[in-house]
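A short reminder: the numbers here are calculations on the coordinates, not readings from a lab. What you see is a predicted model; the values in this text were computed from it and never measured.
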Amino acid sequence: MTLALVFLIGLCFGSFVTMASHRLPRDLEIVKTRSHCTSCKATLGARDLFPVLSWVAGGGKCRRCGARVSFRYPLTELVCGTLFAGLYLSYGITIQSGLLMLFGAALLTMIVADLETGLIPDEIHFFLLPLGIGYHWLLGCDPVDVAFCAALSLGLGLLLHYGYFWLKGRHGLGLGDVKFLAVAGIWLAEPLQLPVFLFFSGALGIASGIFWRLLTRQPRFPFGPALAMSLFALVCYPAISQWFWNALYAVLKG
């Protein structure tokens, strides 16, 4: 019953994620403005806003104007519900799991926004920054390590942004990604996790970039999702970092 309740709460948060990921990159109000159909602008009632089921009951269409409602809405809700359930199974009902659920919902908002618009809203950085500081304060991490890792990550992001421009005449890493790298440094907290984060981000970025180009035929692809997924994995399951270094040591040792 607890798992089902956590999953349902995740679905509700996923509904907020779908709204925020659409509005934030477009500088639209997310608190005062009620949800509405993006086609006919009709205000949505309670029967239109129940996660997943409202979309299924309406056949994936607005019940007022008949316009199609993107499948990304129920998909995002299901992903968020699954994410919450997975964190509950790993951490139980704790303050830590609650913070990680908020962390995951924010990263999911970032992923959807970046995939749709190519932008990472600053509001996500502003939310993740104090949340990360509070998370590591809860865990009793050394604030010097946290600050050093954040500065190192930011410096690397700036180097990639301006260095690539100096070499190629165009930016290879957007400023939104640079800002996120600084926030990622705060969440990683330990400098030894940064190389692991960059390795997995690069591997995921290459794989997603190939898929993106095959799917859209566009030369530029959003790198934010690879950064977000790598960060989520390393923060929520830090044993991955230890596994990486052990595997690298075994390979080098021969």
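Add -39500 (n - 2.57) for each DSSP H run of 4 or more in the chain, then divide by its residues: what number comes out at 222 nm, to the nearest 500 deg cm²/dmol?
It comes out at -24000 deg cm²/dmol, rounded to the nearest 500.
Residue separation of residue 102 and residue 47 scaled by 0.36 nm, minus their Cα-Cα distance, works out to 17.2 nm of gained length. The stretch between residue 152 and residue 39, if pulled fully straight at 0.36 nm per residue, gains 36.2 nm over its current Cα-Cα span.
Relative contact order of the chain, taken over Cα pairs closer than 8 Å and 6 or more residues apart, is 17 percent.
For the range 108-118, backbone phi angles converted through the Karplus equation (6.51, -1.76, 1.60; θ = phi - 60°) give residue-by-residue couplings of 5, 4, 4, 4, 5, 4, 5, 5, 7, 10, x Hz, Gly and Pro being listed as x.
When only alpha carbons are used to place a centre, the range 195-237 and the range 92-166 end up 15 Å from one another. Please work out whether the range 120-254 counts as rounded, prolate or oblate from its C-alpha gyration tensor, where a ≥ b ≥ c are the square roots of the eigenvalues and a/c under 1.5 means rounded, while otherwise a/b larger than b/c means prolate and anything else oblate? It is oblate, given that a/c is not under 1.5 and a/b is not larger than b/c.
Of the options (i) 21.9, 86; (ii) 17.3, 52; (iii) 19.5, 66, only one is Rg and Dmax of the Cα atoms in Å as computed from these coordinates, and that is (iii). 3J(HN,Hα) along the range 145-150, derived from phi through the Karplus expression 6.51 cos²θ - 1.76 cosθ + 1.60 where θ = phi - 60°, amounts to 5, 4, 5, 5, 5, 5 Hz, with x in place of Gly and Pro. For residue 36, the residues whose modelled amide H falls within less than 5 Å of its own, excluding neighbours fewer than 5 places apart on the same chain, are 44.
Distances between placed amide hydrogens fall under 5 Å for residue 61 paired with 69, all partners being 5 or more residues away or on another chain. Each residue of the range 28-40 was assigned a 3J(HN,Hα) from its phi angle through the Karplus curve 6.51 cos²θ - 1.76 cosθ + 1.60 (θ = phi - 60°); the sequence is 9, 5, 10, 9, 7, 7, 6, 5, 8, 5, 6, 8, 9 Hz, with glycine and proline shown as x.
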